[in-house]
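The values are calculated or read from the model by the stated rules, or taken from the named source; none is laboratory data. No experiment lies behind these values; they were computed from the predicted model shown. Cβ atoms come from the backbone with ideal geometry, glycine included; neighbour counts cover every protein chain shown.
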Amino acid sequence: MSVRRLAANQPASFAFAPSTLKRARELMANFPAGRQQSAVIGILWLVQKQDGWVSEPAIRATAELLGMPVIRVLEIATFYTMFMLEPVGTHALVQVCGTTPCQTRGSEELIAVCQRKFGPSNHRTADGKFYWQEVECLGACSNAPMAAINDYYYEDLTPESFEKILDDFAAGKKPKPGSAIKRQGSAPEGEPITLTDPKLYDGSLAKKITIPNLPPMAPKAAKASA
């Protein structure tokens, strides 16, 4: 595993937004008394949703809120790659999957698009709008190649469709996530080729079961008292 370190440049302080703090306390209340530290991952995620990344002051604030050592929160933030440890783009955090299924379906071409448009990976662009990186399996192998942008998946991409999505983000738009070829979920490309007869799943072929009228049960005899 690669070593993950905090960014060299850190803000002077961090403060929970009222809505973030409210949600954090709700997460803490989900755990038994004395176990509130179990909410640490969820609270760090709320921090990232608030600021876009997890800073060193935010780690300290989270530790103080949960009453746990700062080093333990630091260990969690640096272990899980879901937490960004430096500022990301204001418009988009682009994570291109480069694992084998996506690689065999053209992810290297998507990576080339990012390199051409944004420069080296794991850096924010000069205009501050984008941050991109290559990541490992994002679990959408059936719809490869794909990329996660902010909170959503964009699947069945080509270099052309991918670049169009990135241009839309740069223009301040919010492209609709999902399959670029309008695939339904992870179904095969094109029209369905199985289970095409609605009778197979609409219940019309189910056998009707007639339940006979059973005689009422006789009441149980009362036990004799001793």
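When residues in region 87-124 are screened for being surrounded by fewer than 18 Cβ atoms within 10 Å (Cβ to Cβ) and β-branched (Val, Ile, Thr), 4 of them pass.
Only one of the listed residues (168, 151, 127) is touching a Pro at 6+ places or on another chain (Cβ under 6 Å), surrounded by fewer than 17 Cβ atoms within 10 Å (Cβ to Cβ), over 24 Å from residue 189 (Cα atoms) and outside the structural domain of residue 46 (by TED's automatic domain parsing). That residue is 168. Can residue 111 be described as over 24 Å from residue 174 (Cα atoms), part of a helix (DSSP H, G or I) and β-branched (Val, Ile, Thr)? Here the answer is no, as residue 111 does not meet what is asked. For region 1-32, residues that are in a loop (DSSP other than H, G, I, E, B) and not aromatic (Phe, Trp, Tyr) total 18. Scanning region 63-72 finds no residues that are under 28 Å from residue 170 (Cβ atoms), modelled with pLDDT of 95 or more and not in a loop (DSSP other than H, G, I, E, B). Pairing residues of region 26-37 that are in the same structural domain as residue 67 (by TED's automatic domain parsing) with residues that are in a loop (DSSP other than H, G, I, E, B), at Cβ distances under 7 Å and at least 6 apart in sequence or on separate chains, gives 37/68. Being assigned to a loop (DSSP other than H, G, I, E, B), hydroxyl-bearing (Ser, Thr, Tyr) and in contact (Cβ under 8 Å) with a residue 40 or more places away in the chain: is that true of residue 186 here? Against the criterion (assigned to a loop (DSSP other than H, G, I, E, B), hydroxyl-bearing (Ser, Thr, Tyr) and in contact (Cβ under 8 Å) with a residue 40 or more places away in the chain), residue 186 qualifies. Of the residues making up region 134-146, one or more are within 16 Å of the chain's Cα centre (by Cα), of a type in the set (Gly, Ala, Ser), surrounded by fewer than 16 Cβ atoms within 10 Å (Cβ to Cβ) and closer than 29 Å to residue 51 by Cα. Taking the numbered list (1) outside the structural domain of residue 144 (by TED's automatic domain parsing); (2) at pLDDT 80 or above; (3) basic (Lys, Arg) in turn, residue 207 passes all entries but (2).
I'd like to know if region 63-86 contains one or more residues that are surrounded by 14 or more Cβ atoms within 10 Å (Cβ to Cβ), more than 23 Å from residue 3 (Cβ to Cβ) and either hydroxyl-bearing (Ser, Thr, Tyr) or under 21 Å from the mean Cα position of the chain (by Cα) (or both). No, that holds for no residue.
The set of residues from region 91-102 being touching a residue at least 24 places away in the same chain (Cβ under 8 Å) and more than 13 Å from residue 166 (Cα to Cα) comprises 97, 98, 99, 101, 102. Suppose we filter region 141-156 for residues that are part of a loop (DSSP other than H, G, I, E, B), charged (D, E, K, R) and either touching a residue at least 24 places away in the same chain (Cβ under 8 Å) or within 10 Å of residue 178 (Cα to Cα) (or both); how many remain? Qualifying residue count for the region: 1.
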